[in-house]
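So the structure is just underneath, and the comments pick up after that.
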Amino acid sequence: MDLEQRLIDAFGSAAAGRIAYVCYSGGIDSTVVVAACVRAGLRTVALLGVSPSLAASERADAHRIATELGATIEEVETNEIELSGYRANAGDRCYFCKTSLYETVQQLAASRGDTEIMFVGTHLDDLGEHRPGLRAAMEHGVVAPLVDANFGKADVRALARQWNLSNAEKPAAPCLASRIPVGFEVTSERLNQIEQVEEFLRAHDVWPARARWHETVVRIEVPPAMFERVVTEPLREELRNACRKAGFRFVALDLGGLQSGSLSLPLAAT
């Protein structure tokens with residue numbers, strides 16, 4: 001059975017007579033789920049959670065991709081920033097974020113009298129990681145069709161290429177709050193600082209990149225191949241000024257390059 005059929009079959013009869021509400025971000029995983037729903041002929045709504053942790057560029061890109069798929073996209077305002085557990089950023093921030101999203105979606109469906117099924121883009125590779133959001137999904141009866149179809153990340157990208165999705169090669173784009181170290185409060189002001197720096201980098205074609213927040217210091221992560229460009233004038237001085245304008249006093253280039261989960265790495269040498 002090919003990848004496409006495996007995924008479409010994973011929907012089974014679960015969605016029969018229901019509206020498929022897909023928790024959608026514009027990332028490759030949730031995009032493949034939306035595309036599969038559309039191809040399976042389900043009544044599909046791609047729901048984009050909007051909050052200070054969503055970069056404006058990612059928001060615009062999500063709309064563009066949904067339009068390409070011919071999917072209905074709706075924005076829902078989530079209020080995780082109002083939750084003390086989310087702001088505390090104690091290592092389980094994602095649990096509070098996803099709880100806010102899933103409850104918002106369920107309330108929306110109930111207000112419309114819809115019988116809904118809620119889908120997410122979780123795949124097999126996610127299951128071995130520390131992801132507090134998975135607990136929130138279980139508590140709210142969320143369905144992960146990629147898991148049901150035994151899809152890992154490589155399968156997702158392969159199917160995206162097969163379907164000629166425009167974001168098939170899109171790098172991972174975690175929310176802006178992931179740039180703040182565990183134990184430091186997540187605030188709208190700090191998220192805005194991060195977004196300003198990353199939007200500058202994106203606008204100057206230095207991407208993918210991360211602007212890691214360290215109080216008065218912003219630690220820039222980019223692929224090593226971009227190091228020379230970042231430290232060469234005039235971009236070096238322009239980037240420094242952009243970081244200062246965002247409220248950072250010092251700017252550091254991380255020689256480790258672009259690293260997933262670098263804020264959880266120990267500072268002491270090992």
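The values are calculated or read from the model by the stated rules, or taken from the named source; none is laboratory data. What you see is a predicted model, and the numbers here were worked out from it, not measured in a lab. Counting neighbours? That spans all protein chains shown, and the Cβs are built from the backbone with ideal geometry, glycine included. Heavy atoms of the whole protein, side chains included, go into the accessibility calculation; ligands, DNA and RNA do not. Shrake-Rupley method; radii C 1.70, N 1.55, O 1.52, S 1.80 Å.
Points to keep in mind about this one:
- Rounded, prolate or oblate (a/c below 1.5 giving rounded, otherwise prolate when a/b exceeds b/c) for region 162-202 by Cα gyration tensor: prolate
- Size descriptors for region 153-270, from the alpha-carbon set: Rg then Dmax equal 15.5, 46 Å.
- Per atom type, region 6-91 shows carbon and sulfur on 49% of its accessible surface, probed at 1.4 Å.
- Cut-off 20 Å (backbone N to label point 7 Å along Cα→Cβ of Thr216), residues of region 176-208: 180-181, 184-185, 189-191, 193-194, 197
- Globularity index of the chain, i.e. its alpha-carbon radius of gyration over 2.2 N^0.38 Å: 1.04
- Integer Hz, Karplus 6.51/-1.76/1.60 couplings in order for region 41-51, x for Gly and Pro: x, 7, 6, 10, 10, 8, 9, 9, x, 10, 7
- Just the protein heavy atoms count here, and of the accessible area of region 93-137 at 1.4 Å, carbon and sulfur take up 49 percent.
- The label-point distance for Met138 and Ala172, in a model that sets each label 7 Å from Cα toward Cβ, rounds to 2.1 nm.
- Annotation for Phe250 and Arg43: the two label points, set 7 Å from Cα along the Cα-Cβ direction, are 5.8 nm apart.
- Potential extension, Thr72-Ser260 segment - 0.36 nm per residue separation minus Cα distance: 64.5 nm
- Partner aspartates and glutamates for Lys98 [C-alpha distance under 12 Å; skip if fewer than 8 residues away on the same chain]: Glu80, Glu139
- Region 52-92 shape via C-alpha gyration tensor axes, a/c threshold 1.5: prolate
- Rolling a 1.4 Å probe across the protein heavy atoms gives the chain an accessible surface of 48 Å² per residue.
- Summarising the label geometry, the points placed 7 Å from Cα in the beta-carbon direction at Arg112 and Asn164 lie 3.0 nm from one another.
- Angle between the chain longest axis and helix 235-245 axis [Cα atoms, degrees, rounded to 10]: 80 degrees
- DSSP finds beta bridges in the chain, and of those with both partners inside it, around 20 percent are antiparallel.
- Using alpha-carbon coordinates, inclination of helix 93-112 to the longest axis of the chain, degrees: 40 degrees
- Cβ-Cβ FRET estimate between Gln5 and Thr232, R0 fixed at 30 Å, reported to 0.05: 0.05
- Counting only Cβ charges, +1 for Lys and Arg and -1 for Asp and Glu, the dipole size of the chain around its Cα centre is about 300 debye.
- By accessible area, using a 1.4 Å probe on protein heavy atoms only, region 153-270 has 55% of its surface on carbon and sulfur.
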